[in-house]
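> Before we start, here is the structure in question, set down as structure tokens.
Nothing in this text is a laboratory measurement; each read-out follows from the coordinates by a stated rule. Computed from a predicted model, the values in this text were never measured in an experiment. All Cβ positions, even for glycine, are placed from backbone atoms using ideal geometry, and neighbour counts span all protein chains on display.
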Amino acid sequence: MPAGSITVVSHSLGIDPRTPRYELARAIADGWKSDDNVDREAGKLMLREDPNGYFVVSVDKDRGRIVAEHRFGGVLIKRYEAERAVTIENEVSADMAISLVSHALWLGRELTTKERMLHGRD
């Protein structure tokens, strides 16, 4: 068989404990609890703030754009604008602006809602 490329898809990740970043990875793993936003003791939903900040999402009907402002501590980090939700989703993903899965899911729903408003479908 001639030599060629190989693609391996793995759902396993390991890190060598002798590498300098091992302690950092261990600290992150030990500090992680869950992305669950339910207080199990009280049985109530609670807001879990994303350490990367939050988004304010609106519609600019005059310009035909969805606007998503990424903020941290009230300071604007970046303003995303597009006609379609998926465009902003891709830009936010490329910027790694969200660290929580629940936040990403919320933002995706919010952007889609705003797109529907923009195009008169809601």
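> Of these, Tyr80, Tyr54, which one is of a type in the set (Ser, Thr, Tyr) and touching an Asp or Glu at 6+ places or on another chain (Cβ under 8 Å)?
Going through Tyr80, Tyr54 in turn, just one is of a type in the set (Ser, Thr, Tyr) and touching an Asp or Glu at 6+ places or on another chain (Cβ under 8 Å): Tyr80.
> List, please: which pairs have Cβ atoms under 8 Å, are six or more places apart or on different chains, and start with a residue in segment 43-66 that is in contact (Cβ under 8 Å) with a residue 12 or more places away in the chain and on the phi > 0 side of the Ramachandran plot and end with one that is surrounded by fewer than 12 Cβ atoms within 10 Å (Cβ to Cβ) and outside any strand (DSSP E or B)?
The qualifying pairs are Gly53/Gly73.
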